[in-house]
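Following: one structure in structure tokens, then a few remarks.
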Amino acid sequence: MKRILEVTGFLVMVFGVCGILRELTGGWFKLMGVTRLLTDHVWFLEGRELYANIVIAALGLVIMVVSDRVKA
């Protein structure tokens with residue numbers, strides 16, 4: 001379970017950071033645009049894509065911290 005949380009947290013954090021880079025570069029950085037599915041198709045996130053990606057990256061970090069507290 002610990003390993004699954006570590007991998008999931010890492011992937012979520014990488015997706016969030018890639019989304020942040022994409023938003024800051026104006027769409028130039030299109031690597032791993034997974035979060036674009038979320039930010040473009042959810043109506044209340046329109047215009048708030050950068051903030052949503054920051055939250056996604058922070059969520060990945062939180063999952064990784066929680067995985068350290070899970071007993072092996």
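Exposed loop sites are taken as trypsin sites (Lys or Arg not before Pro) in a DSSP loop (any state but H, G, I, E or B) with at most 11 other beta carbon atoms within 10 Å; the longest stretch of the chain without one runs 31-70. Calculated from DSSP H runs of 4 or more alone, at -39500 (n - 2.57) each and per residue, what is the 222 nm mean residue ellipticity of the chain, nearest 500? When only DSSP H runs of four or more count, the value is -24500 deg cm²/dmol. For the chain, the residue among Leu11, Thr35, Leu24 whose Cα projects farthest onto the positive side of the dipole built from Cβ charges is Leu11.
Using the Kyte-Doolittle scale, find the helices of the chain whose mean hydropathy is at least 1.0 and whose Cα atoms extend 15 Å or more along the helix's long axis, counting only whole DSSP H runs. Qualifying helices, which must be both long enough and hydrophobic enough, are 2-24, 49-69.
What accessible area per residue, rounded to a whole number of Å², is obtained for the chain using a probe radius of 1.4 Å? That works out to 72 Å² per residue. Apply the a/c threshold of 1.5 to the C-alpha gyration tensor of the chain and tell me whether it is rounded, prolate or oblate. Judged from the Cα gyration tensor, the chain comes out prolate (a/c at least 1.5, a/b above b/c). When you filter the GluC sites (Glu not before Pro) in region 4-72 for DSSP loop state and at most 16 other Cβ atoms inside 10 Å of their Cβ, you are left with Glu46. This model, with +1 at the C-beta of Lys and Arg and -1 at the C-beta of Asp and Glu, gives the chain a dipole about its Cα centre of some 300 debye.
Once you mark the chymotrypsin sites (Phe, Trp or Tyr not before Pro) that are in a DSSP loop and have at most 16 other Cβ atoms within 10 Å, what is the longest gap between them in the chain?
Answer from the scan: 30-72.
Only protein atoms count toward the accessible area here, which uses a 1.4 Å probe; on the chain, the carbon and sulfur part of that area reaches 71 percent.
The values are calculated or read from the model by the stated rules, or taken from the named source; none is laboratory data. The structure displayed is predicted, hence computed values, not measured ones. Cβ: placed from backbone, ideal geometry, glycine included. Neighbour counts: every protein chain shown. The area values use the complete protein model at the heavy-atom level, side chains included, leaving out ligands, DNA and RNA. Shrake-Rupley method; radii C 1.70, N 1.55, O 1.52, S 1.80 Å.
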